[in-house]
Amino acid sequence: MSYEEYTIEGRNAVIEAFRSGKTIDKLYVLDGCQDGPVRTIVREAKKHDTLIQFVTKERLDQLSSTGKHQGVLAQAAAYEYASVEEILAKAREKGEDPFIILLDGIEDPHNLGAILRTANLSGAHGIIIPKRRAVGLTAVVARTSCGAINYTPVAKVTNLKKTMDDLKEKGLWFVCADMDGTKMYDLNMTGPIGLVIGSEGEGVSRLVRENCDMVASIPMKGDIDSLNASVAAGILAYEIVRQRG
């Protein structure tokens, strides 16, 4: 499965992709290009809340595999996204309290793929990712997930904080991972829960962190001071599994 499969090039192909309802993660447009067809494509992209980047011709040529991009190139999701409601429905079907993993700014596709595997194996009902500054369901994610992408739904939302507020109204508690938190063994992480994992460099953003009910730290014994995001997700997910057990 190559990444090119999900790169759509050329004006007609891109407009057709939008109109057929395909999920487009990102649209690249030649900076300064203002003609009718390109304006139509940009309008469609805005309507679908797609991330738009205006780039140089060199950048487009670099992303293009056919060399026939005509000033527009779209990256489509390799897999369809679920809705948050579908994730909650999955928990209801299983008769379990919802357990959802929320990712705040994970940009590395290998991390998202690994977290999908962890989510699947630890019995999480789904993953929620933000639209901006985050990797989507690319072919690399699909490959790294070793099949988990077919079983664990991923929802993409415009605003992570607002989504958390909506889920709080449905009874979820939120715990985020941070070095300055309370040791994870000392927290009660049973019941309906959302586990929030931040990016390696930045951690969980301030607004999202302030919206969490608990901050959990993973005890560390070594000489380095941080864990890879997908490893941290795995450790905390299994502490939740242990407590629910």
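The values are calculated or read from the model by the stated rules, or taken from the named source; none is laboratory data. Because the structure is a prediction, the values reported are computed rather than measured. No Cβ is skipped: glycine too gets one built from the backbone with ideal geometry, and neighbour counts run over all protein chains shown. When the accessible area is computed, the model is the full protein with side chains, heavy atoms only, and any ligands, DNA or RNA have been set aside. Shrake-Rupley method; radii C 1.70, N 1.55, O 1.52, S 1.80 Å.
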**Study point:** Cα-based helix-to-principal-axis angle, 229-244 vs the chain, degrees rounded to 10
**Key:** 40 degrees
Review point. Per residue, how much space in cubic angstrom lies within the convex hull of the C-alpha atoms of the stretch 1-60?
Key: 85 Å³
Review point. What percentages, rounded to whole numbers, describe P(r) for the stretch 1-118 computed over all alpha carbon pairs with 10 Å bin width beginning at zero?
Key: 12, 37, 28, 16, 6, 1
Check your understanding: Comparing ALA229, ALA13, ALA114, which has the greatest mean-square fluctuation in the GNM of the chain with Cα pairs linked when under 10 Å apart?
Key -> ALA13
Exercise for review: Using only alpha carbons, build the gyration tensor for the stretch 171-219 and give me the equivalent ellipsoid semi-axes, biggest first, whole Å.
Suggested key: 17, 14, 8
Practice item. Could you please state how large a percent of the accessible area of the chain is carbon and sulfur, counting protein chains only and using a 1.4 Å probe? Key: 48 percent
Practice item. Please report, in cubic angstrom per residue, the volume enclosed by the convex hull of the alpha-carbon atoms of the stretch 107-194. Key: 116 Å³
Check your understanding: With a Cα-only, solvent-free Debye model of the stretch 49-161, what are the log10 I(q)/I(0) values at q = 0.22, 0.24 Å⁻¹?
Key -> -1.20, -1.35
Exercise for review: Can you grab the distance from the C-alpha centre of the stretch 62-85 to the C-alpha centre of the stretch 26-48, Å, no decimals?
Suggested key: 14 Å
**Study point:** In the stretch 1-129, lysine pairs with alpha-carbon atoms under 14 angstrom apart (chain gap of 8 or more, or interchain)
**Key:** 4
Practice item. Could you work out how far apart the two model spin labels at MET179 and ASP97 are, taking each label as a point 7 Å from the Cα in the direction of the beta carbon, and quote it in nm? Key: 3.0 nm
Point to revise | Reduced Cα scattering model of the chain, Debye log10 I(q)/I(0), q = 0.08, 0.16, 0.17 Å⁻¹ | key: -0.34, -1.10, -1.19
Review point. If contacts are Cα pairs under 8 angstrom and at least 6 residues apart, what is the relative contact order of the chain in percent?
Key: 19 percent
Exercise for review: Return the tail of the calculated pair distribution for the stretch 30-92, meaning the percent of Cα-Cα pairs more than 15 Å apart.
Suggested key: 62 percent
Review point. In the calculated pair distance distribution of the stretch 159-245, what percentage of Cα-Cα distances lie above 20 Å?
Key: 31 percent
Review point. In the Gaussian network model of the chain, springs joining C-alpha atoms below 10 Å, which of GLU93, GLU107, GLU44 carries the largest mean-square fluctuation?
Key: GLU93
Check your understanding: Which residues' amide hydrogens lie under 5 Å from the amide hydrogen of GLY181, considering only partners 5 or more residues apart or on another chain, with H built in the peptide plane?
Key -> SER217
Revision key, fill the gap. In degrees rounded to 10, the 0-90 angle between helix 36-47 Cα long axis and the longest Cα principal axis of the chain is 20 degrees
Point to revise | Cleavage-rule hits (trypsin sites (Lys or Arg not before Pro)) in the stretch 167-239: DSSP loop, at most 11 neighbouring Cβ within 10 angstrom | key: LYS170, LYS221
**Study point:** Set of aspartates and glutamates with alpha-carbon distance to LYS131 below 12 Å, sequence-local pairs under 8 removed
**Key:** ASP25, ASP49, ASP104, GLU107
